[in-house]
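Worksheet: the structure to be examined is printed underneath.
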Number of protein chains: 2
Amino acid sequence: MNPEFYMKKALAMARKAYVAGEVPVGAVVVSSDGGKIISSAFNVVEKSRSVLGHAEIQAIKKAEKKIGGWRLNDCDMFVTLEPCPMCAGAIINSRINNLYYGASDDKACSKSIFESGGYNHTVNLFPGVLREECLSLIKTFFAERRKF
Amino acid sequence: MNPEFYMKKALAMARKAYVAGEVPVGAVVVSSDGGKIISSAFNVVEKSRSVLGHAEIQAIKKAEKKIGGWRLNDCDMFVTLEPCPMCAGAIINSRINNLYYGASDDKACSKSIFESGGYNHTVNLFPGVLREECLSLIKTFFAERRKF
């Protein structure tokens, strides 16, 4: 398992969000054994007019459909940005094994959610995979928005 | 605005989940001014085979559709059980004004999410509305499950 390989796939999804004028975040769900890509998605909050448009939620929905159930306990997720509390909670509820993320988000405070230990399931965290590329895409997006 | 009136509606939804064999949680979204019911939903995790089947997520989805956007900043939510981190995060992301819940859930640790203050939006919390009735329904459900 080469984390950078899958984070590049997540980055490719994030670029699709960027082109669509959405906050550029991408996510892929991968089987923990073998690394087969099960689903991939990007942020569609504005297009879908729903907070559930976050990349992680979309990737989980697609993976659930493919697997035919809500337990993704043989799966890992790769996402370009540290998940918000909603997405962190969804990742725990889905029982995803390992979470690899790129850029950190000070507002996300997802670490305290993942590490609170109050749940039936623990997700292993691997932050900082291709951090610079992931962060650069987000920064460019917001710098361009501020021009208008 | 009489909170117990709306919590009774949420309880009626929770009973529908109970009858369907789902963990009995119900939620309603109400306009902050005037108290018009915008959406109501109950837990459908097993039926939908998705972690996104939680009552709060379903109620938010329906409200977004009705309103035609993801900003529910003129809305309150009533839910029979303290939200899990996923639902707490979705409620913050949706910019819901006031959250009324019935029974507390020690595992939920949603208070720390709501009170972390790291977000652009603060949700006002009103716990314990019809607490006994909400708790009793959940307790009965799990007591019956343990018999089998």
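A few notes on this one:
- Across chain A the C-alpha pair distances fall into 5 Å bins from zero in the proportions 2, 11, 21, 24, 22, 13, 5, 2, 1, 0 percent.
- Chain-alone versus full-assembly comparison, the stretch B:46-66, residues with accessible loss of at least 40 Å² (1.4 Å probe): B:ARG49, B:VAL51, B:LEU52, B:GLU64
- Cross-link pairs beyond the 26 Å C-alpha cut-off, checked among A:LYS111/B:LYS62; A:LYS107/A:LYS147; A:LYS8/A:LYS62; A:LYS47/B:LYS61; A:LYS47/A:LYS139; B:LYS8/B:LYS111: A:LYS111/B:LYS62
- Mean separation of Cα contacts under 8 Å, 6 or more apart, over the residue count of chain B: relative contact order %: 21 percent
- For chain B, the fraction of 1.4 Å probe accessible surface lying on carbon and sulfur atoms is 50 percent.
- Using the Cβ-Cβ distance between B:LYS65 and A:ARG145 with R0 = 25 Å, the FRET efficiency computed as 1/(1 + (r/R0)^6) comes to roughly 0.40.
- Per-copy distances of the A:LYS147 label point, shortest first, in nm (7 angstrom along Cα→Cβ): 6.8
- Between copies, the label points of B:SER136, set 7 Å from Cα on the Cα→Cβ line, lie 6.2 nm apart, reported in increasing order to one decimal in nanometres.
- Range in chain A, longest, excluding exposed trypsin sites (Lys or Arg not before Pro) [loop by DSSP; at most 16 other beta-carbon atoms within 10 Å]: A:108-148
- Qualifying GluC sites (Glu not before Pro) in the stretch A:58-142, where qualification requires a DSSP coil assignment and no more than 15 other C-beta atoms within 10 Å, comprise A:GLU115.
- Inter-label distance, nm, simple model (7 Å from Cα along the C-beta direction), B:LYS47/A:SER31: 3.2 nm
- For the set A:THR122, A:THR140, the ranking by accessible area, highest first and with no ligand, DNA or RNA atoms included, is A:THR122, A:THR140 under a 1.4 Å probe.
- Annotation: per residue accessible area for the stretch A:1-113 equals 39 Å², rounded to a whole number [probe 1.4 Å, protein chains only].
- Overall form of the stretch A:1-63 per C-alpha gyration tensor (a/c, 1.5; a/b vs b/c): oblate
- Charge dipole of the protein assembly as shown (Cα centre as origin; +1 on each Lys and Arg Cβ, -1 on each Asp and Glu Cβ, all else neutral): 900 debye, rounded to the nearest 20.
- Taking a straight Cα-Cα cut-off under 18 Å and skipping sequence neighbours fewer than 8 places away in the same chain, the aspartates and glutamates within cross-link reach of A:LYS36 are A:GLU4, A:GLU56, A:GLU64, A:ASP74, A:ASP76.
- Using the Cβ-Cβ distance between B:ASN98 and B:ASN120 with R0 set to 22 Å, the FRET efficiency works out to roughly 0.85.
- Pairwise centroid distance, computed over Cα atoms, of the stretch B:55-70 with the stretch A:95-148, Å: 25 Å
- Only protein heavy atoms count here, probed at 1.4 Å, and on that basis chains B and A bury about 2200 Å² of accessible area in total.
- Ranked from shortest, the separations from the 7 Å Cα-to-Cβ label point of A:ALA20 to its equivalents in the other copies are 2.7 nm.
The values are calculated or read from the model by the stated rules, or taken from the named source; none is laboratory data. Just so you know, these numbers come straight off a predicted model, no measurement behind them. For neighbour counting, all protein chains shown are included, and Cβ atoms are generated from backbone atoms with ideal geometry for every residue, glycine included. Side chains are part of the model used for accessible areas, which takes the heavy atoms of the whole protein and leaves out ligands, DNA and RNA. Shrake-Rupley method; radii C 1.70, N 1.55, O 1.52, S 1.80 Å.
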